[in-house]
Amino acid sequence: MKEQPKLDLGLTGYDELFMTDGERQENKLPRIHDIPLSRIDDFPGHPFQVRMDEDMQQLVESVRERGVLTPITLREKEDGRYEIVSGHRRKNACELAGFQTIRAEIRTMTRDEAIIFMVESNFQRSQILPSEKAFAYKMRLDAMKRQGQRTDLTSNPVGGKLNESATVIGKDSGDSTTQVRRYIRLTELIPEILEMVDEGKIAFRPAVELSYLSEVEQRWLHEAMVYSEATPSLGQAIQLRAFSKDHTLGPNVIETLLAEEKPNQREKISFRADRLRRYIPDSVPPNKTEDYVYKALEYYQQFLSRERRDRDDR
């Protein structure tokens, strides 16, 4: 296969921050412009969320004090406006800080080049939600498809010949070929279930199996999960997929499966060791702590029973 050309992400280095326009031109770097925020549009279908969290608050304060040190990257549109290829969080911080313009470099890119640039630059983030990664991988896959790459990634998430397109994507992001294919499967989930994956209520591997259910079946499942306050384990998700494949999956089957007790959903009680050890003799080794506590509770119950009998006898 012809090697996929590696895009220069144009991530601004320290020396570049303080270059003049003449120095940037000499080094064949894009000029930095002050672009009105009102002329900038978000990237269509941008899969990465701009969250109003503590990191964003810190970024807003940094922008207020020092401005935007690293310019955002824009692509000029046919109507003369601009769309962000990299820098949605910085643009949002400028708006919250009350700025009217933002420092930006303008690059000439095709739509597919812009998609690949956008995906790769956003993977520099420290935290990425499963849904963000899933749609980012899919967007890049579609761009590679239009560029003539192979795209049979969603047919089988775990087996078969390694796909060259998945290998290229995984190599750039640090995920294996199989993991790339699994993430892309998540785009087949209905929004309500995908949100549960982002929130950590459904584990990644069960979610991949659930992505093979039809939309109607996923709606049944989501309703059952909300009602029962339970989510399927990997084994149960595999069963659900098998029932779906046999066209025997219905609300009753889903409810029955979710009603099964799973080891990770059994109630667990834990205690802080330092609090317990104050009441346990030094002669009791740590591995016998549970037996000692159980015995102590047993004696305590016997004590309460004797007290009740004594009161009844009076």
The FRET efficiency for E223 and R39, from their Cβ-Cβ distance with R0 = 51 Å and rounded to 0.05, is 0.70
The extension gain from K201 to V50, computed as 0.36 nm times the residue separation minus the Cα-Cα distance, is 52.2 nm
Overall dimensions of segment 190-265 as given by Cα atoms, namely Rg and Dmax in Å
11.0, 30
For a quick check of your reading of the filter: which GluC sites (Glu not before Pro) in segment 62-93 sit in a DSSP loop and have no more than 15 other Cβ atoms within 10 Å?
E78
What is the order of L189, L304, L37, fewest Cβ neighbours within 10 Å to most?
L304, L37, L189
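Read-outs: derived from the displayed coordinates by stated rules, not from any lab. What you are looking at is a predicted structure, and each value in this text was computed from that prediction instead of being measured. Because the Cβ atoms are built from the backbone with ideal geometry, glycine has one as well, and the counts that use them run over all protein chains shown.
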